[in-house]
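**Q** Here it is: the structure, laid out below.
The values are calculated or read from the model by the stated rules, or taken from the named source; none is laboratory data. In this text, all values refer to a predicted model and were calculated from it rather than measured experimentally. Reconstructed Cβ throughout: ideal geometry from the backbone, glycine too, with neighbour counts over all protein chains shown. Ligands, DNA and RNA are excluded from the accessible area calculation, which covers all protein heavy atoms including side chains. Shrake-Rupley method; radii C 1.70, N 1.55, O 1.52, S 1.80 Å.
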Amino acid sequence: RGKSSRTITFEQFKEALQELSKKRFKDKSDEEAIQEMYKLIEGKAPIISGVTKAISSPTVSRLTDTSKFTGSHKERFDPSGKGKGKAGREDLVDASGYVSGYKHAGTYDHKVQGSK
């Protein structure tokens, strides 16, 4: 991988497996060593180490339950509990040209063309 890159492509991964198989299985031919390497990793998922485990205590679940939020904090989440992002933190200006609460916004062109 490049110095500035944190990930590798699938092709680079396969090349790395070939290099490792030569070192790990020195007594076997290149093809046999690659097949043995594939057998080692077959059906296994990546292992994530050093990651903090999520705590599932009643206190934490009560504090993170968005359905119990009130006031301005409640506006930061949609009904499913997913965050709204910037729209939940700031008042976004509606520049559509209609006043707030107008129910027929966007129907002007339809009305004008329909009457001609």
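**Q** Look at Ile55 and say whether it is more than 30 Å from Lys14 (Cβ to Cβ), of a type in the set (A, V, I, L, M), out of contact with any helix residue (DSSP H, G or I) (no Cβ under 6 Å at 6 or more places or on another chain) and open to solvent by 90 Å² or more (accessible area, probe 1.4 Å). Walk me through how you get there before you give the answer.
**A** On the way: more than 30 Å from Lys14 (Cβ to Cβ): yes; of a type in the set (A, V, I, L, M): yes; out of contact with any helix residue (DSSP H, G or I) (no Cβ under 6 Å at 6 or more places or on another chain): yes; open to solvent by 90 Å² or more (accessible area, probe 1.4 Å): yes.
Criteria met by Ile55.
**Q** Residues Glu36, Glu19: which one is more than 23 Å from the chain's Cα centre (by Cα) and open to solvent by 80 Å² or more (accessible area, probe 1.4 Å)? Give the derivation first.
**A** Values: Glu36 fails: open to solvent by 80 Å² or more (accessible area, probe 1.4 Å).
Within the list Glu36, Glu19, the selection yields Glu19.
**Q** Would you tally the residues in segment 27-84 being among the hydrophobic types (A, V, I, L, M, F, W, C) and part of a loop (DSSP other than H, G, I, E, B)?
**A** 7
**Q** Right, another one. So Phe77 fits all but one of (1) loosely packed, with under 11 Cβ neighbours inside 10 Å; (2) modelled with pLDDT under 85; (3) under 28 Å from the mean Cα position of the chain (by Cα); (4) on the phi < 0 side of the Ramachandran plot; what number is the exception?
**A** With respect to (1) loosely packed, with under 11 Cβ neighbours inside 10 Å; (2) modelled with pLDDT under 85; (3) under 28 Å from the mean Cα position of the chain (by Cα); (4) on the phi < 0 side of the Ramachandran plot, Phe77 is out only on (1).
**Q** Of Lys82, Lys28, Lys44, which residue is among the charged types (D, E, K, R) and either surrounded by 11 or more Cβ atoms within 10 Å (Cβ to Cβ) or over 24 Å from the mean Cα position of the chain (by Cα) (or both)? Let's see the steps before the verdict.
**A** Working: Lys82 fails: either surrounded by 11 or more Cβ atoms within 10 Å (Cβ to Cβ) or over 24 Å from the mean Cα position of the chain (by Cα) (or both); Lys44 fails: either surrounded by 11 or more Cβ atoms within 10 Å (Cβ to Cβ) or over 24 Å from the mean Cα position of the chain (by Cα) (or both).
Of Lys82, Lys28, Lys44, the one residue that is among the charged types (D, E, K, R) and either surrounded by 11 or more Cβ atoms within 10 Å (Cβ to Cβ) or over 24 Å from the mean Cα position of the chain (by Cα) (or both) is Lys28.
**Q** While we're on this one: So Ser96 ticks every box in (1) assigned to a loop (DSSP other than H, G, I, E, B); (2) open to solvent by 70 Å² or more (accessible area, probe 1.4 Å) but one. Which box is left unticked?
**A** (2)
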